[in-house]
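Reviewing the structure listed below.
The values are calculated or read from the model by the stated rules, or taken from the named source; none is laboratory data. Predicted, not measured: the structure shown is a model, and the values here were computed from it. Positions of Cβ are backbone-derived with ideal geometry, glycine not excepted, and every protein chain shown enters the neighbour counts.
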Amino acid sequence: MNAPAMKASLPANTQPVYRFHGGVHPPEMKHLSNAAPIVPAPLPARLVVPLQQSIGNRAKCRVAVGDLVKKGQLLAAADGTVSVAVHAPTSGTVVAIDEQVVAHPSGLAELCVTIETDGFDVWGDRTPLDWRAALANGDGKTIRDYLRDMGVVGLGGAVFPSHLKLGGRDGLETLVINGAECEPFITCDDRLMRERAGEIVAGIAIVAQLLVARQVLVGIEDNKPEAVAAMREALAASDIGNAHVVVVPTLYPSGGAKQLIKLLTNKEVPSGVRSTDLGVQCFNVATVYTIFRALEHAEPVISRIVTLTGNVARAGNVEALIGTPIADLLDFAGNQSDSEGYIYGGPMMGFELPDTQVGLTKAGNCVIARSAAHFPTKAPEMPCIRCGECATACPQELQPMDLYWFSRSKNFGKAQEWNLFDCIECGACAYVCPSSIQLVDYYRFAKSEIWAAESAKKAADLARQRHEFKQFREEREQEEKAARLAARAAPKPEAAAAAVDPDKAAKIKAAMERAAAAKAGAAPANETAAPAVSVDDDKAAKIRAAMEAAAAKKAARAAAEAGGETPATKPAAALDEEKAAKIRAAMEAAKARKAATDGGVTAPAADATEPVAKAAIDPEKAAKIRAAMEAAKAKKEGRALAPSVSDNTPVGEVAGSLANEEVQVDTPSKPALDPEKAAKIRAAMEAAKAKKEGRAPAPAVPTDTPAGAASAALASEVGQVDTQAKPAIDPDKAAKIRAAMEAAKARKAAKEGGEA
Amino acid sequence: MSFLLAVALMAVLAVILGAVLGWAAIKYKVDEDPLVDKIDAILPQTQCGQCGFPGCKPYATAIADGEADINQCPPGGDDGVRKLADLLGVDFKPLNAENGEEKPKSVAVIDENTCIGCTLCIQACPVDAIVGAAKHMHTIIEKECTGCELCLAPCPVDCISMQPVGETVQSWKWRYPVIKLKVTA
């Protein structure tokens, strides 16, 4: 090569260059593709555009299958801050939005939009941004949001959203423009700088203004003298102050952001620190070019320059649409039949393509057809001899052999201590390794294991937090309920209660005693149920409290109503009015809810005008639910899955819902029935509570009993109260309740027998 | 005289040191057993109860108290047992088959057409990952689901199924480098 001659022809640097540690000098192989100018790639028949085109969140799809799209139309919008939009690269029809294999080492599928091109390549509407005005107003956010919506990402290979790097603080010391292009084979930035230096410089001017940069340094390796000359000329013609092209020696990986920053500014970016904190920001030349195109011409990133090289007949650079199948590009470049594989990216940091049908992404700067001529078979991996060559070559000044040992033995903690995450995976260590160990593969393995472990840890922490909150919430709810009940029970005028409703109080007491007796009987029968029983006590106390509170309320109201009247009938009537009002309110709420969910006007209308029809519907619904449950039960029994629990549930649910519905339907027509209805509701609720109680601790039997007994007692009491107050109204209804209760009791007894 | 001085000196020292110790006992008081938290950090927090304890924390407490073995957590797998063994300085033992076996990570999915809105699964979910209301369709927040399977049993219409979480481009991991051996005749 005639590199020395080229260097001699370059004017001397006006800025000093500082060396970084290590580095290697692999064969450049740039002559294969750097001679021919950039040509547009032919329009492919279909484009496969992945929606994940940047670091961060995948863009949210904004088109549907069958949509006609124009060139530059939004396909997917940015989702969150760390995300950028994706646009239609040409006009055509969206034929599929599905998972397809993407250019990723995993070979896994990702969500892609497939567009069948129509060949017209018509632009859609473009909305330019008056960025000069925005810049003059100091409105950087508008420009950054615009760039995000234009899909601008770092085109050097990392595809980091550019708008995140343009958040100007109080001025930048140095803006570094990366034109080093240090990887062998790749020449896309070289050709871009040679042919479009003016637009790159215009982009640099915009970025420099956005970041308020005091100095601009463009770093270009000395193997690209034409690019250096073109850029120098363009910079000289521009009005950017204090901007210099700095020629850096050709040494891989001088194009790494940290390495180039060190080369140009002598600032070493420490571990865990961003270069912005040191007053330096680095942009690739292709990125500033797209920033200019986006702001000046309202062109989203829908194409990029790709180097097609290696084992192809016409190696060179093409400007290809994002989403162009790699196979089409290879055909265009004259792919040879003896290619053994295809490398996406450079030979040092790229990866083998899983499939040549994958669409080009914004990260795809190079496709190399691999053949034995350029990529001879690697020597078999030999044991590490600890020669230390890798440490000499490492540009990040790490200890690659130690990292290798730790990664190989899956000692990830130690690998992290040795700063594994500062490794830029440049491959210099593997390149110099005399034992030809694929060191980077081990580092990548270790890194992804650590990331996976970290995300699992995060998920576990979240689950722990949510579980603890649920426990806290349940506890709080219980406490609140207890407090509420206690508060209601506290101011009870006991004497009044006794005076007003002695028979009721007596009945409650009797019910409680029966319940207690039942519990006492159950406790010795099942000694393992000790915690359940203690829970029971608590529950019984609560029920008692609730009942007493109810009695107190009733008494108070009766006292307020009228002194002289017979206590048996009057309180019931008073109660009725209030209850009816409450139920009516509940009904209205339910109606509103139904209207909201159904969205229909018919349902509430029917509700209001013909309660009978609703009553007719409800049993039908209930029957349906019951059928579904029975089917499920049958299935479950087939699998022998916790039958006791499932047995309990459906009946309670159905009964509860039925009771509620009946109340809703009946009340307006027969308000006089209320106390009985209320009692029914109460009974149903008790039953449900009892069931729930039975489910929470393991043994269902002993816990069921007291509450069940209480509810049964209540039910019988209901019958009596009814007969006292309005004996003529609905004896058959009361009988029905009693029958239902007995059936429930019988069922429970049967179960008890079964379990015993 | 010097004898008294020595006694006095010792007494003063004792008082001062005692005060320091007393202050330190209050200031650096350890409320909870730190070992429980360390064990709990290793457990996967699925809260599935397969270990026989009602959640990960109770199991961690039981391990710390020596009441439970370290190999009762199927979601943690053999890796989890190994980490517990490392932490506690005991020998590794394979997962106890009685507690179940390690399964690939799954999430529960509700068939929303079958769901009757009974809220039983909502009550069963240990991490509140199910949203819904009575008589309204329920659904599972996939991101929050730990795959504990506790919602399967209470469902009266059997509309919940477990679906394994596949590998995506985002969750994909580089494999351990394998050197292919050439077979020579």
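A few notes on this one:
- Hits in segment A:113-130 (condition: buried (at least 18 other Cβ atoms within 10 Å of the Cβ) and closer than 21 Å to A:Ser162 by Cα): A:Leu129
- Scanning segment A:105-125 for residues being within 14 Å of chain B (Cβ to nearest Cβ), without any contact (Cβ under 8 Å) to a residue 60 or more places away in the chain and either among the acidic types (Asp, Glu) or assigned to a loop (DSSP other than H, G, I, E, B) (or both) gives a total of 1.
- Residue selected from segment A:72-83 under the condition out of contact with any Leu (no Cβ under 8 Å at 6 or more places or on another chain) and more than 14 Å from every other protein chain (Cβ to nearest Cβ), by the criterion surrounded by the most Cβ atoms within 10 Å (Cβ to Cβ): A:Ala78
- Counting only residues that are in a helix (DSSP H, G or I) and either over 19 Å from A:Leu147 (Cβ atoms) or at pLDDT 95 or above (or both), segment A:296-340 holds 8 of them.
- Here B:Gln45 meets each of (1) under 16 Å from B:Glu98 (Cβ atoms); (2) crowded, with 20+ Cβ neighbours inside 10 Å; (3) at pLDDT 90 or above; (4) within 14 Å of chain A (Cβ to nearest Cβ) with one exception, condition (1).
- Odd one out for A:Ala133 among (1) among the small types (Gly, Ala, Ser); (2) over 27 Å from A:Gly80 (Cβ atoms); (3) crowded, with 24+ Cβ neighbours inside 10 Å: (3)
- Residue match in segment A:356-377 (condition: more than 14 Å from chain B (Cβ to nearest Cβ), in contact with a Phe, Trp or Tyr (Cβ under 9 Å, 6 or more places away or on another chain), farther than 24 Å from A:Gly256 by Cβ and not hydrophobic (A, V, I, L, M, F, W, C)): yes
- Residue ranges of strands (runs of 3 or more DSSP E) in segment A:34-104 with at least 3 members within 27 Å of the chain's Cα centre (by Cα) and of a type in the set (A, V, I, L, M): A:74-77, A:92-101
- Scanning segment B:26-42 for residues that are within 10 Å of another protein chain (Cβ to nearest Cβ) and in a loop (DSSP other than H, G, I, E, B) yields no hits at all.
- Candidate set: segment B:142-172, residues that are aliphatic (A, V, I, L, M), within 10 Å of chain A (Cβ to nearest Cβ) and farther than 25 Å from A:Ile55 by Cβ; chosen: the one surrounded by the most Cβ atoms within 10 Å (Cβ to Cβ): B:Val157
- Filtered by the rule that a residue be within 12 Å of A:Leu278 (Cα to Cα) and buried (at least 24 other Cβ atoms within 10 Å of the Cβ), segment A:150-175 gives a lone residue, A:Leu175.
- Any chance B:Val127 is at pLDDT 90 or above, under 29 Å from A:Glu454 (Cα atoms), within 20 Å of the chain's Cα centre (by Cα) and assigned to a loop (DSSP other than H, G, I, E, B): yes
- Residues in segment A:360-398 that are surrounded by fewer than 17 Cβ atoms within 10 Å (Cβ to Cβ) and over 20 Å from B:Ile179 (Cα atoms): A:Ser371, A:Ala373, A:Cys387, A:Gly388, A:Thr392, A:Glu397.
- The set of residues from segment B:97-131 being more than 13 Å from chain A (Cβ to nearest Cβ) and surrounded by 18 or more Cβ atoms within 10 Å (Cβ to Cβ) comprises B:Ala108, B:Ile110.
- A single member of B:Gly52, B:Gly66, B:Gly89, B:Gly22 is over 25 Å from A:Ala459 (Cα atoms), surrounded by fewer than 15 Cβ atoms within 10 Å (Cβ to Cβ) and within 18 Å of the chain's Cα centre (by Cα), and it is B:Gly66.
- Identity of the residue in segment A:52-71, within 14 Å of chain B (Cβ to nearest Cβ) and in contact with a Phe, Trp or Tyr (Cβ under 9 Å, 6 or more places away or on another chain), that ends up surrounded by the most Cβ atoms within 10 Å (Cβ to Cβ): A:Ser54
- Test: residue in segment B:108-121 that is under 16 Å from the mean Cα position of the chain (by Cα) and touching a residue at least 24 places away in the same chain (Cβ under 8 Å): no
- Filter result (touching a helix residue (DSSP H, G or I) at 6+ places or on another chain (Cβ under 9 Å) and crowded, with 19+ Cβ neighbours inside 10 Å) within segment A:445-466: A:Phe445, A:Ala446, A:Lys447, A:Ala460, A:Ala463, A:Arg464
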